[in-house]
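Novice: Starting off with a structure, shown below.
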Amino acid sequence: MAHVIGDDCISCGSCEAECPVSAISEGDGKYEINADACIDCGACAAQCPVGAISEA
Ligand code: SF4
Ligand code: SF4
């Protein structure tokens, strides 16, 4: 399992800075979570201003 970023994402970048294992990356303004690297700590979801991150 891993956390995932949904369509509500406004590309603020807050989650990328919070991830302890650098599982979040950005390309062409779209943020994604690498499911293989994510350890489900929840830090990104707690930081997201629009609640776009949830557990898969
Ligand atoms: Fe990174 Fe934790 Fe979010 Fe997974 S749940 S992407 S490990 S901050
Ligand atoms: Fe998108 Fe939320 Fe991450 Fe900001 S914190 S880039 S809104 S998922």
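Novice: Rounded to the nearest 20 Debye, what is the dipole magnitude of segment 1-55 about its Cα centre when Lys and Arg each give +1 and Asp and Glu each give -1 at the C-beta?
Specialist: About 100 debye.
Novice: Over segment 1-49, average the accessible area per residue using a 1.4 Å probe and give it in Å², no decimals. Display every interim value, and only then the final one.
Specialist: Details: 3110 Å² over 49 residues.
Here the per-residue accessible area is 63 Å².
Novice: Compute the label zone of SER54 within segment 1-22: residues whose backbone N is under 16 Å from the point 7 Å along Cα-to-Cβ.
Specialist: 2-10
Novice: Still on this structure, please answer the following. Does the chain classify as rounded, prolate or oblate by the C-alpha gyration tensor (a ≥ b ≥ c root eigenvalues; a/c under 1.5 gives rounded; else a/b over b/c gives prolate, otherwise oblate)?
Specialist: The shape class here is rounded.
Novice: A follow-up question, please. Run the accessible area of segment 1-49 with a 1.4 Å probe and give the carbon-and-sulfur part as a rounded percent.
Specialist: 44
Novice: Still on this model: Pick from GLY13, GLY42, GLY29: which residue has the top mean-square fluctuation in a GNM of the chain where Cα pairs under 10 Å get a spring?
Specialist: Answer for the Gaussian network model of the chain: GLY29.
The values are calculated or read from the model by the stated rules, or taken from the named source; none is laboratory data. This one's a predicted model, so the numbers in the text were calculated from it and none came from an experiment. Methodologically, a virtual Cβ is constructed for each residue, glycine included, from the backbone with ideal geometry; neighbour enumeration extends over all protein chains shown. Remember, those area values only see protein heavy atoms, side chains included, never the ligands or the DNA or RNA. Shrake-Rupley method; radii C 1.70, N 1.55, O 1.52, S 1.80 Å.
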